[in-house]
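Working notes, beginning with the structure itself.
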Amino acid sequence: MSNLHEKKQETKVKTEKESPSLKGTFISVMLLGLFLVLSWVGAFMLFISR
């Protein structure tokens, strides 16, 4: 019984340590999305002005 409890704790600790931080990924995706939106808005404004 005690051994089972120790394995559960050990698994939980390993899971927390191995999870990577995705902040950089999130920022990169947001910047890419912003670039795409600005490109489309720029092309649309160019189309409207002509």
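Points to keep in mind about this one:
- Checklist (1) modelled with pLDDT under 95; (2) in a helix (DSSP H, G or I) applied to Ile48, failing item: (1)
So that you can scan it fast, the table gives a plain yes or no per residue for (1) part of a helix (DSSP H, G or I); (2) at pLDDT below 95; (3) touching a Ser or Thr at 6+ places or on another chain (Cβ under 6 Å):
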{"residue": "Leu4", "(1), (2), (3)": "yes, yes, no"}
{"residue": "Lys7", "(1), (2), (3)": "yes, yes, no"}
{"residue": "Thr11", "(1), (2), (3)": "yes, yes, no"}
{"residue": "Glu16", "(1), (2), (3)": "yes, yes, no"}
{"residue": "Ser21", "(1), (2), (3)": "no, yes, no"}
{"residue": "Ile27", "(1), (2), (3)": "yes, no, no"}
{"residue": "Leu34", "(1), (2), (3)": "yes, no, no"}
{"residue": "Val41", "(1), (2), (3)": "yes, no, no"}
{"residue": "Phe44", "(1), (2), (3)": "yes, no, no"}
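The values are calculated or read from the model by the stated rules, or taken from the named source; none is laboratory data. Computed from a prediction, not measured in an experiment: that's the story for all the values here. FYI the Cβ positions are ideal-geometry reconstructions off the backbone, even for glycines, and counts take in every protein chain you see.
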